[in-house]
1. Look through the range 262-285, keep the residues that are outside any strand (DSSP E or B) and touching a strand residue (DSSP E or B) at 6+ places or on another chain (Cβ under 8 Å), and return whichever of them is modelled with the lowest pLDDT.
2. Keeping to the range 197-213, report how many residues are at pLDDT 95 or above and under 23 Å from residue 83 (Cβ atoms).
3. Identify all residues within the range 1-26 that are out of contact with any helix residue (DSSP H, G or I) (no Cβ under 8 Å at 6 or more places or on another chain) and modelled with pLDDT of 95 or more; write none if there are none.
4. For the range 228-244, name all the residues that are in a loop (DSSP other than H, G, I, E, B), out of contact with any strand residue (DSSP E or B) (no Cβ under 6 Å at 6 or more places or on another chain) and either in contact (Cβ under 8 Å) with a residue 60 or more places away in the chain or under 17 Å from residue 7 (Cα atoms) (or both).
5. Condition first: touching a helix residue (DSSP H, G or I) at 6+ places or on another chain (Cβ under 9 Å) and either under 14 Å from residue 246 (Cβ atoms) or crowded, with 17+ Cβ neighbours inside 10 Å (or both). Now tell me which residues in the range 27-37 satisfy that.
6. What do you reckon, is residue 167 closer than 24 Å to residue 13 by Cα, in contact with a helix residue (DSSP H, G or I) (Cβ under 9 Å, 6 or more places away or on another chain) and free of Cβ contacts under 8 Å to residues at least 24 places away in the same chain?
7. Hey, among the residues in the range 42-84 that are over 20 Å from residue 107 (Cβ atoms) and surrounded by fewer than 20 Cβ atoms within 10 Å (Cβ to Cβ), which one's modelled with the highest pLDDT?
8. Specify which of the listed residues (120, 124, 116) is touching a helix residue (DSSP H, G or I) at 6+ places or on another chain (Cβ under 7 Å), at negative phi, assigned to a helix (DSSP H, G or I) and surrounded by fewer than 18 Cβ atoms within 10 Å (Cβ to Cβ).
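The values are calculated or read from the model by the stated rules, or taken from the named source; none is laboratory data. The shown structure was predicted, so the numbers you read here are calculated from the model rather than taken from an experiment. All Cβ positions, glycine included, derive from the backbone under ideal geometry; neighbour counts span all protein chains shown.
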């Protein structure tokens, strides 16, 4: 007799329709970005915010950079910079210091769209008395952003996950990013390269609770959720093209659809950001 597979029941927060949407714009609008950070809407997309020549230049600089690395864990990606996920704080901050200048090298011959973006968000937040800065720990700065290039097989290039679980890692206790867990967690992607088809963001209307992550063994990672566990939740399939910049609440489960052709890559500049307290917003990788 064939065994019956039990699909776990995910519990957590499901948002109303007026929140669970990703509003689209044709030019950057820092006010809309701050709305995502404040929990007024799930996400915003700015179409064609980076010109094609700039995207190509950044990609060329990324692929030839001597500090580009390949991830050694279950996530299939090349990257330049660092990420705090599943690392000790000592390792993370050592890597952040070692790549602080390197990540900005990708803008050589173009313009630094990251600095431009953050200047706009910083100015918008300042109007309500909020300071924006890179996260820090004992005087050491976190990574500002990471350049990543995905080429995963199967249904998803990056499996379904939430970004909240990683904020509960006991090995990172005391790191100020864990204070953001009580607020919306803005995941930011600046798309530089994508395939002819595929590579879209898949976004489900479920913010798993701690009990769900604990039951699934994902308490400190939020990764991965099986696609069939999510069938009963509303979802958004958001096409993403080179030049697009988008923000969304990363506490909700999301994935990256695989590219349609083998060997295609989806490359982005990425980071996380959110409110540490009412007067301080921070960002990190």
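1. Filtering the range 262-285 down to residues outside any strand (DSSP E or B) leaves 262-265, 278-279, 285.
Next, from what is left, pick out any that are touching a strand residue (DSSP E or B) at 6+ places or on another chain (Cβ under 8 Å): 264-265, 279, 285.
Values: 264: 81, 265: 87, 279: 98, 285: 98.
Filtering the range 262-285 for residues that are outside any strand (DSSP E or B) and touching a strand residue (DSSP E or B) at 6+ places or on another chain (Cβ under 8 Å), the one modelled with the lowest pLDDT comes out as 264.
2. Just the residues of the range 197-213 that are at pLDDT 95 or above, to begin with: 201-213.
Pick out the ones that are also under 23 Å from residue 83 (Cβ atoms) and you get 201-204, 207-208, 210, 213.
Final tally of qualifying residues: 8.
3. Within the range 1-26, 13, 14, 15, 16, 17, 18, 19, 20, 21, 22, 24, 26 meet the criteria.
4. To start, the set of residues in the range 228-244 that are in a loop (DSSP other than H, G, I, E, B) comprises 231-234, 239-244.
From what's left, out of contact with any strand residue (DSSP E or B) (no Cβ under 6 Å at 6 or more places or on another chain): 231-232, 234, 239, 241, 243.
Hits for the range 228-244 are 231, 232, 234, 241, 243.
5. Just the residues of the range 27-37 that are touching a helix residue (DSSP H, G or I) at 6+ places or on another chain (Cβ under 9 Å), to begin with: 28-31, 33-34, 37.
Listed by number, the residues that qualify are 28, 29, 30, 33, 34, 37.
6. On the way: closer than 24 Å to residue 13 by Cα: yes; in contact with a helix residue (DSSP H, G or I) (Cβ under 9 Å, 6 or more places away or on another chain): yes; free of Cβ contacts under 8 Å to residues at least 24 places away in the same chain: yes.
When the stated conditions are applied, residue 167 passes them.
7. 47
8. Working: 124 fails: surrounded by fewer than 18 Cβ atoms within 10 Å (Cβ to Cβ); 116 fails: touching a helix residue (DSSP H, G or I) at 6+ places or on another chain (Cβ under 7 Å).
The unique qualifying residue is 120.
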